[in-house]
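Here the structure comes first, spelled out in structure tokens, and everything after it is commentary.
The numbers here are math on the coordinates, done by the rules we state, and not lab data. What you see is a predicted model; the values in this text were computed from it and never measured. Don't worry about glycine lacking a Cβ; one is built from the backbone with ideal geometry, like all the others, and counts go over all protein chains shown.
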Amino acid sequence: NIPAPVEEKQILESGVLPRIATGREVMLQGFHWESHNLDWYKIVQDRVGTINKAGFTQVWLPPPADSLAPQGYLPRNLYSLNSAYGSEAALKNLISTCKEYDVLPVLDAVLNHRCATHKGAGD
């Protein structure tokens, strides 16, 4: 007796959420150490279609919060999304474009690096 061939189940994806944990994710690191020197959110937004066509399902974005360091790794105000990479409005536009092209935006949150916004009186 020869066993019948096992038919592989095809996984159909639609929308952003099913692409989070299918085991078929491919993430692109969407920034580098000097990205803050450019209009970075706009640059990535203009390339989201190409990112999707290249097969990437996710794009890792730089830390979005206001930061003492321009790279974003010393966040001061976690409620302010205006950073060296662009404004809160530009970030929202980028996220909307990612959703339009079925690319999941993944934000780099560095909560354990948080620093003060004011210098204390007891220095």
Using 0.36 nm per residue, how much length does the chain from Asp39 to Leu78 gain when fully extended, once their Cα-Cα distance is taken away? 12.0 nm
In nanometres, what is the gap between the two model label sites at Ala69 and Glu25, each 7 Å from Cα along Cα-to-Cβ? 2.4 nm
Express as a percent, rounded to the nearest 5, the fraction of DSSP beta bridges in the stretch 21-123 (both residues included) that run antiparallel. 30 percent
Can you give the percent of C-alpha pairs in the stretch 20-59 whose distance is more than 12 Å? 61 percent
Ordering of 40-49, 91-100, 24-33, 58-67 by packing [mean C-beta count within 10 Å, highest first]: 58-67, 40-49, 91-100, 24-33
Distance from the stretch 51-123 to the stretch 30-44 (C-alpha centre basis), Å: 11 Å
